[in-house]
Amino acid sequence: MYTGPTTPAGKQISAMNSLKHGLTARQTVLPGENREEFDSLVASLRDHYQPDGPLELEVCDEVSATLWRLQRARAHEALALQTSGDQLFAGDTPAARGFDRLLRYLGSIERQFNRAVVRLQQLQAERRKLEKARRVETTPEPEFVSSRADFVPPHPVEVCEAAMEEAFSRLLEPAC
């Protein structure tokens, strides 16, 4: 009795038996797709978003994976429209049902992509806010620098009294 593949290579091949469109696949890059293009996409998005820390990096990679799947779904959509355009809108046909399913997957992937982008932007905004608060807390207060260290400004009452004394002394001086 055959119980399926036993080698790791055989199991990997067998895992792809039910693969039709790859829109719900667990694997991000499917056989036949260019791994280098995906890695380039990941590097480009990491460069653009500059994730800091493991959580931002994970969400940035999620953005990359969903964008890759979104591009795959759009390619399937374009191919379906080119090859079976008339049949896709002809009512209850297998092609029309398949195209409706494709559009549902496409919408789901777009929502996943948008949620991941928004989440990454929220994480980065929170990080920047915390960094700004830390900078404000650690910034020392500017010190007043005087040209004379021992200078103490006079009290306004003292200034007024001194001016009055000077004025009286002039009045009391004999005229020449």
Some residue of the range 127-146 being closer than 23 Å to Ser64 by Cβ and at pLDDT 65 or above: yes
Restricting the range 73-92 to residues that are polar (S, T, N, Q) and either out of contact with any Phe, Trp or Tyr (no Cβ under 9 Å at 6 or more places or on another chain) or touching a residue at least 60 places away in the same chain (Cβ under 8 Å) (or both), the one nearest to Cys60 (Cα to Cα) turns out to be Gln82
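Which residues, counting only those in the range 28-51, are modelled with pLDDT under 85 and either touching an Asp or Glu at 6+ places or on another chain (Cβ under 7 Å) or surrounded by 12 or more Cβ atoms within 10 Å (Cβ to Cβ) (or both)? Explain how you work it out, then say what you get.
So in the range 28-51, the residues modelled with pLDDT under 85 come out as 28, 30-32.
Correct list: Thr28, Leu30.
Restrict the check to the range 4-20 and report whether at least one residue is part of a helix (DSSP H, G or I) and either modelled with pLDDT of 70 or more or under 23 Å from the mean Cα position of the chain (by Cα) (or both). Outline the logic, then answer.
Of all residues in the range 4-20, those part of a helix (DSSP H, G or I) come to 8-15.
Narrowing the set further to residues that are either modelled with pLDDT of 70 or more or under 23 Å from the mean Cα position of the chain (by Cα) (or both) leaves 8.
There is at least one residue in the range 4-20 that is part of a helix (DSSP H, G or I) and either modelled with pLDDT of 70 or more or under 23 Å from the mean Cα position of the chain (by Cα) (or both).
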- request: Please indicate, with yes or no, whether at least one residue in the range 111-121 is touching a Leu at 6+ places or on another chain (Cβ under 9 Å), of a type in the set (Phe, Trp, Tyr), at pLDDT below 95 and within 22 Å of Ala73 (Cβ to Cβ).
  value: no
Residue pairs within 7 Å by beta carbon, gap of at least six or interchain, first lying in the range 96-112 and of a type in the set (Asp, Glu), second surrounded by 15 or more Cβ atoms within 10 Å (Cβ to Cβ), listed first then second, are Glu110/Leu70
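The values are calculated or read from the model by the stated rules, or taken from the named source; none is laboratory data. Computed from a prediction, not measured in an experiment: that's the story for all the values here. All Cβ positions, glycine included, derive from the backbone under ideal geometry; neighbour counts span all protein chains shown.
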